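Worksheet: the structure to be examined is printed underneath.
Rule-based calculations on the coordinates, nothing more; no lab input. Bear in mind that the values here come from a model prediction, so they are computed numbers and not experimental data. Neighbour counts are summed over all protein chains in view; Cβ atoms, including those assigned to glycine, are modelled from backbone coordinates with ideal geometry.
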Amino acid sequence: MTVRAKGLDHVAIVVRDLEESIPLWRDALGLELSEVEEVPEQQVKTAIFGHGMGRVELICPTTPDSGVAKFLASRGEGLHHVCIEVEDIESAMDSLRKAGAPLIDREPRSGAGGARVAFVHPRGMRGVLTELRQGPSEPAGVSGSRRRP
Ligand code: ZN
């Protein structure tokens, strides 16, 4: 079995106030704000900077009782998760499971932009919540062209 990870897809930082936080990354740091979106299934609002691999995602809870809201309440603002783009999410999940890393999702679920995602518990990843992502198939080598429908 071969598991191949393509690299870092994005890092997600949890913030208390999205609108207040955006200027720091967009204006002070100069990253391109590519998208602001509400994701009702996860009860968060997100701002994504950059395109393709290596994006920065700010996430802000929209309700006080979501998982992200609880994370924010107990740990404060900071790194929430890293996301690794993989070629085959099922085999990556299988491989991590065999390596003793507990998965939060038993099955891949649908994520932004038609991707399939699954989360690995921080307990199994040296303290960092880790998202696995298998993006919709696209021509190899294309970056900066990933758009949501
Ligand atoms: Zn993510």
Going residue by residue through the stretch 19-30, the Karplus relation 6.51 cos²θ - 1.76 cosθ + 1.60 with θ = phi - 60° gives ³J(HN,Hα) values, rounded to whole Hz and with x marking Gly or Pro, of 4, 6, 8, 3, x, 5, 7, 6, 9, 6, 9, x
A correct Karplus calculation of ³J(HN,Hα) over the stretch 46-61, with 6.51 cos²θ - 1.76 cosθ + 1.60, θ = phi - 60°, whole Hz and x for Gly and Pro, returns 10, 10, 10, 10, x, 9, x, 6, x, 6, 10, 10, 9, 10, 9, x
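For Lys45, Lys70, which order do you get if you count the other beta carbons within 10 Å of each Cβ and list the fewest first?
On the way: Lys45 19, Lys70 12.
Ascending Cβ contact count within 10 Å gives the list Lys70, Lys45.
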Only helices counted: for the chain, with every DSSP H run of 4 or more residues adding -39500 (n - 2.57) and the sum spread over all residues, [θ] at 222 nm is -4500 deg cm²/dmol
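Which order do Val117, Val36, Val44 fall in if you start with the one that has the fewest other Cβ atoms within 10 Å?
Details: Val117 18, Val36 13, Val44 24.
Ordered by Cβ neighbours within 10 Å, fewest first: Val36, Val117, Val44.
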Mean Cβ-within-10 Å packing, highest first, puts peptides 78-84, 107-113 in the order 78-84, 107-113
One would report the Cα pair-distance distribution of the chain, bin width 10 Å, in %, as 11, 41, 36, 12, 1
